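The structure under discussion is supplied below as structure tokens; questions concerning it will follow.
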Amino acid sequence: MQVRRSFAAALAVGSLLLVAGCAGNDLSKSGSDKASSSPSASTGTAGDKGTVHIASQNFPEAAIVTSMYDQLLTKAGYTTDVKLVDARDAYMGTFPKTIDVVPEYVGGIVNFLNTAKNGDNAKPLTSGNGQELAAAGKPLLDAAGITLLDQSTATDTNAFFVTKDFSQAEHATKLSDLKGQKVVLAAAPDCKGRLDCEGGLTQEYGIDVTEVLPLGYAVDATYKSVLDNESQLGETSTTDGTLDSQGLVVLEDDKHIQPAQNLVPALSKTFLAAHPDVEKPLDDLMAALTTQKLTELNGKVAVDRQQPDAVAKDFLTQEGLL
């Protein structure tokens, strides 16, 4: 029988500094599965209803939210098999065939499917808010056999930061202030060419990105690269609670190249039809999360160095979900 897997060992191999999403964003295609066989912090009796396969990316925000899914579905009577991977590509290749549930970001998943169907140069889906974006992507989701449950008001998009000194010296508070400037960008490995990353910075903002250093999304190496002036611009998320303490500041995305990235559970249609009881606990979780709460949870991992499992359990307990 497959067993539950915790996040503590999975994250020990990488930075525990705050994401995002990548918040809901694609990461490297070279990522490998990361999981351990030690028990996590969930409560409840697992296994009565069979196994639910959960996959997610391995940055801290995703790990926190995935642990919430893990603990809630364990409480609901499932045995959970959880894998954290380096890239959306690593699970989308088999989701929903061998994966049942994925904590997702609405813009991230619909645009992944859009690119997969229409090619790398496909115009991104950016329709309005998260609900409108999900509606625009519904034909792609249906064709893939994926259902999105209720969206959270919590949202997390790509963001780009500079040092406070750079911001002051260049009078830069928004990305359009960098038009025509030569910058090195520290970012996720798959940033180059993406219209919500290097491609958009170049094409929409006219920034001369001379090099993309594939150091990672909201990780120590990316922060350090910008602080050391190896790069001038770094990629993080809008829920990054660590920047101010490091002397870093996000530049406003004033041309709005980021699509809506509300948190949303993505489920296999087949799995959901067979296990409709998983919907309510996940919908309740989405209703409980807000952007402010998500930022605070990220800070507990990034700044206070708490483990994602413990942060997730505390939140679920406080919200009356466990």
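Nothing in this text is a laboratory measurement; each read-out follows from the coordinates by a stated rule. Please read these numbers as outputs of a predicted model, since none were measured by experiment. A quick note on method: Cβ atoms are made from the backbone with ideal geometry, for glycine too, and the neighbour counts reach across all protein chains shown.
Can you work out ³J(HN,Hα) from phi for every residue in the stretch 176-188, in order, using Karplus 6.51 cos²θ - 1.76 cosθ + 1.60 and θ = phi - 60°, giving whole Hz and x for Gly and Pro?
5, 5, 9, 3, x, 7, 8, 9, 9, 10, 9, 7, 4
Another question, then. With an 8 Å cut-off on Cα pairs and a minimum separation of 6 or more residues, tell me the relative contact order of the stretch 158-251 in percent.
Working: 174 pairs, mean separation 40.6, N = 94.
It rounds to 43 percent for the stretch 158-251.
Round to a whole angstrom and tell me the spacing of the C-alpha centers of the stretch 165-186 and the stretch 284-299.
The stretch 165-186 and the stretch 284-299 have Cα centres spaced 30 Å from each other.
Still on this structure: Mind checking which aspartates and glutamates have their Cα closer than 20 Å to the Cα of Lys313? Skip sequence neighbours fewer than 8 apart in that chain.
Filter leaves Glu61, Asp70, Asp81, Glu104, Glu279, Asp283, Asp284, Glu296, Asp304.
What is the extension gain from Glu132 to Asp314, computed as 0.36 nm multiplied by their sequence separation minus the C-alpha to C-alpha distance, in nm to one decimal? Mind dumping the intermediate values first?
Working: separation 182, 0.36 × 182 = 65.52 nm, distance 3.26 nm.
Taking 0.36 nm per residue and subtracting the Cα distance, the gain is 62.3 nm.
Binned at 20 Å from 0, what are the whole-percent values of the Cα-Cα distance distribution for the chain, short to long?
Cα pair-distance distribution for the chain, in percent: 35, 57, 8, 0.
Right, something else. Would you give the gap between the C-alpha center of the stretch 201-219 and the C-alpha center of the stretch 79-114, rounded to a whole Å?
25
In the stretch 158-251, with Lys and Arg counted as +1 and Asp and Glu as -1 at Cβ, which of these residues, Val249, Leu227, Thr173, has the Cα nearest the positive end of the dipole, that is, farthest along it?
The residue sitting farthest along the positive end of the dipole is Thr173.
May I ask you to order 277-288, 308-319, 173-184 by the average number of other C-beta atoms within 10 Å around their residues, highest value first?
308-319, 277-288, 173-184
Can you tell me the FRET efficiency between Asp150 and Gln246 if r is taken as the Cβ-Cβ distance and R0 is 30 Å, rounded to the nearest 0.05?
Numbers: r = 35 Å, r/R0 = 1.16.
About 0.30, to the nearest 0.05.
Might you report the magnitude of the Cβ-based charge dipole of the chain about its Cα centre, with Lys and Arg at +1 and Asp and Glu at -1, to the nearest 20 debye?
680
Peptides 213-219, 72-78: what's the order by average Cβ count within 10 Å, highest mean first?
By packing density, highest mean first, the sequence is 213-219, 72-78.
Oh, and also: Of the listed pairs Lys224/Lys300; Lys138/Lys269; Lys123/Lys164; Lys49/Lys280, which have alpha-carbon separations greater than 23 Å here?
On the way: Lys224/Lys300 20 Å; Lys138/Lys269 13 Å; Lys123/Lys164 33 Å; Lys49/Lys280 16 Å.
Over 23 Å Cα-Cα: Lys123/Lys164.
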